[in-house]
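The structure appears right after this line, and notes come after that.
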Amino acid sequence: MNLKEVEQALKQLASETEEAKKSQFFKEYLNIMSRFWDYSPYNQLLIYLQMPNAARVAGFHKWKQLGRSVIKGSRAIRILAPAKSRKIEDEKEETITYFRRVSVFDISQTEGKPLPDIDIEVKGETEGLMQKLLNFCQKQNLNVAFEDLREDLHGYAANGNITINSSKSNNTQINALLHEIAHALLHNTSELSKEQKEIQAEAVAFVTAKHFNMETKSFNYLALYNANQEKIMQNLKDVAGCAKTIINGTL
Ligand SMILES: [Zn+2]
């Protein structure tokens, strides 16, 4: 695969991504996701300590608005929410900010209408490719483990260790592995923004998957990171270099 071909592939990816962003489904998805409020790092820690596998948390009423209800007997996750109160002292009114405990629940503690989900799974199997990629990882000193991860998590990479969700189809696992290999090769000591790292990793996965004649749903993934033609094309050199390393490494 030469640079020209990578460039063409990335242009195709960019226009597929733009289409995905325009879809009614995607607008609805963003609208719903924006209703989960952002938690401070402190509250994220509190959530993690009480439920390490929590995927999406919201309060009782927020879940109701989303068409789901909290299952009876579920143990609430306690976090702190800022609140204000006024007090009069020496004839001066003062506003005091304090924190009160509020209860939130993880999606696994609720039932009802499913939340919309961005589809990035592909079906089927590509014979022999997983083994070639695992051999490549070994040569690159990347450790790959397969684990039964949370449903919406396909894989992750940290410090030369890659973990892939073993409950997905073979082709979805390969897509995830290509994405995580790109993170491991490009971003070990990188200062790039999260958004740019994800665009690079998924663009590498797309280009290499295309080379191996595999289906991908990269456009959906990149739509999540608000990628556009400009943001995708500005990574051409890094993406092409990394894709080449992977493709040559599996020959
Ligand atoms: Zn990623």
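The values are calculated or read from the model by the stated rules, or taken from the named source; none is laboratory data. Just so it is clear, the structure is predicted and the values come from calculations on it, not from any experiment. Every residue, glycine among them, receives a Cβ derived from its backbone with ideal geometry; neighbour counts consider all protein chains shown.
Residue-by-condition table, conditions (1) assigned to a loop (DSSP other than H, G, I, E, B); (2) within 15 Å of the ligand (Cβ to nearest atom); (3) surrounded by fewer than 20 Cβ atoms within 10 Å (Cβ to Cβ):
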| site | (1), (2), (3) |
| --- | --- |
| 134 | no, no, yes |
| 138 | no, no, yes |
| 141 | yes, no, yes |
| 146 | no, no, yes |
| 153 | yes, yes, yes |
| 156 | no, yes, yes |
| 162 | no, yes, no |
| 167 | yes, no, yes |
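Considering each residue of segment 229-243 in turn, none proves to be within 11 Å of the ligand (Cβ to nearest atom), in the same structural domain as residue 145 (by TED's automatic domain parsing) and surrounded by 16 or more Cβ atoms within 10 Å (Cβ to Cβ). If you check 58, 54, 20 for being over 27 Å from residue 102 (Cβ atoms), at pLDDT 80 or above and surrounded by 14 or more Cβ atoms within 10 Å (Cβ to Cβ), only one passes: 20.
Sort through 178, 192, 185 and tell me the only one that's buried (at least 24 other Cβ atoms within 10 Å of the Cβ) and either among the charged types (D, E, K, R) or within 14 Å of the ligand (Cβ to nearest atom) (or both). Spell out the reasoning first.
Numbers: 192 fails: buried (at least 24 other Cβ atoms within 10 Å of the Cβ); 185 fails: buried (at least 24 other Cβ atoms within 10 Å of the Cβ).
Of 178, 192, 185, the one residue that is buried (at least 24 other Cβ atoms within 10 Å of the Cβ) and either among the charged types (D, E, K, R) or within 14 Å of the ligand (Cβ to nearest atom) (or both) is 178.
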